1. Quick query: amide H of residue 317 versus all other amide H atoms, modeled in the peptide plane; which residues come in under 5 Å with a sequence gap of 5 or more or a different chain?
2. Rounded if a/c is under 1.5, else prolate if a/b beats b/c, else oblate: with a ≥ b ≥ c from the C-alpha gyration tensor eigenvalues square-rooted, which is the stretch 67-191?
3. Between the stretch 65-105 and the stretch 261-316, what's the alpha-carbon centroid distance in Å?
4. Measuring with a 1.4 Å probe in the full set of protein chains, what accessible area per residue, in whole Å², belongs to the stretch 185-293?
5. Exactly which trypsin sites (Lys or Arg not before Pro) in the stretch 132-204 are in a DSSP loop and have at most 13 other Cβ atoms within 10 Å?
6. How many angstrom lie between the C-alpha centres of the stretch 2-46 and the stretch 336-362?
7. Could you tell me which chymotrypsin sites (Phe, Trp or Tyr not before Pro) in the stretch 89-189 are loop residues by DSSP with no more than 13 other beta carbons within 10 angstrom of their beta carbon?
8. Checking the a/c ratio against 1.5 first, then a/b against b/c, what shape does the Cα gyration tensor give for the stretch 125-265?
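The values are calculated or read from the model by the stated rules, or taken from the named source; none is laboratory data. All values reported here derive from a predicted model rather than from experimental measurement. Note: ideal-geometry Cβ built from the backbone for every residue, glycine included; neighbour counts use all protein chains shown. All accessible areas refer to the heavy atoms of the entire protein, side chains included, with ligands and DNA or RNA removed. Shrake-Rupley method; radii C 1.70, N 1.55, O 1.52, S 1.80 Å.
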Amino acid sequence: MKLTGREKSELFFEGVVTVILLLLLNLSIVVLINSTIAHNPGLQSGIFQIKRSITIGPNNYQLWSYENIFIGLMLIADGFVLYWRLIRRYKQMQLRHIISELHYIAAGHFDHRIDFNLTGDTQRVVESVNALVDSAIHSMDEEREIERSKDALITNVSHDIRTPLTSIIGYLGLIENKQYQSEEDLIKYAHIAYLKATQMKSLVEDLFEYTKSRQTETPLAINRLNLTAMLEQLAASFELEANKKHLKIEVESGTQPIYIEADAEKLGRVFSNLITNAFKYGTGAKNVVLQAEQRGEEVVIHVTNDGQRIPAESLGRLFERFYRVEESRSKATGGSGLGLAIAQSIVDHHGGYIYAQSDDEQTSFVIHLPVKHDHPLTKKTIRYDKLTCFHRHNYLN
């Protein structure tokens, strides 16, 4: 920390005043001691005997003057006192600088940090202040992101509801005003209105499901379930739809069944969302594979398709509400855009985590779940690269 010219002058004045006061104190002490000794013959005799009995070195030098030794000791003590006073005043200046920096940051300069290199407790105070400011900035950024997310939620919901609602009102208006040429037109308009109303119902249901999945206080119906059997049942239930899309769906989980503690209904929703997502967006895919493997106290599930690769810049955003890789928000290719967000919330609620990885050969959604529900997994930070995602510093398998 650099001192200003005024502070250097203040420190110098402090030192000079302290030295003068100490010298005056030393002089007064010497005068008092000499006066006391001069008026006390017995004390003089005792001091003389002590000086004769004390010798120094191999040549037995005797101490004939105590004043020089006493003054030397006082000067050493004065040095310690002077050092203590100057250090104390210097630390007061440091504290004054820190307070000034805090006022500057509090005035709205949140990008500013205290860059002093101090020692001891003062440096720890500076580091704590900087950490506190960083934490406050992070919280403010999170709050702004939440507000942005809420605005995006309202915008997207308004868009997804207004579009079918406009069609419903339009076609029902044609029917209401009898602006149709034949009974076939009447049936056609009613059918289109029905389809649009179904889309709205699906969106509302997804919103309701997403809200429920985000409420962590909602208890899960935890039971011990056979994960292998669940995946096989899901594959069988989607087999007809897969055949219509010329896809083959299969399960790979080894010969031994895998058991975990989870909410079967909500976990089934996760897998259903991922399979449906593979059907809708796995352009050019021929196979959808459900893989499950137990690794110690966790189970890893892959939902993989060999369709079109997901762009690297989209991998980290797939689980955002209403995000779609295709930006048209067309109902012909996608749903509400909440399926993956719902899946992530349910997995988080189970104490696990989920991420995506994609390359030119296949796209996989990977779920890590604890075998025991009361032993949640440590959340991992996923960093996405151009082709794959990394788990800390190791490649994900």
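1. Under 5 Å from the amide H of residue 317 lies no amide H from a residue far enough along the sequence or on another chain.
2. On the way: a/c = 13.44, a/b = 8.09, b/c = 1.66.
Here the stretch 67-191 falls in the prolate category.
3. For the stretch 65-105 versus the stretch 261-316, the Cα centre distance is 68 Å.
4. Values: 6260 Å² over 109 residues.
Accessible area per residue, the stretch 185-293: 57 Å².
5. Details: sites: 144, 148, 150, 162, 178, 188, 196, 201; in loops: 178.
In loop regions of the stretch 132-204 (DSSP not H, G, I, E or B), the sparsely surrounded trypsin sites (Lys or Arg not before Pro) are 178.
6. Between the Cα centres of the stretch 2-46 and the stretch 336-362 lies a distance of 77 Å.
7. Values: sites: 90, 104, 110, 116, 171, 180, 189; in loops: 110, 116, 180.
Those satisfying the criteria are 110.
8. Values: a/c = 3.22, a/b = 1.26, b/c = 2.55.
Verdict is oblate for the stretch 125-265.
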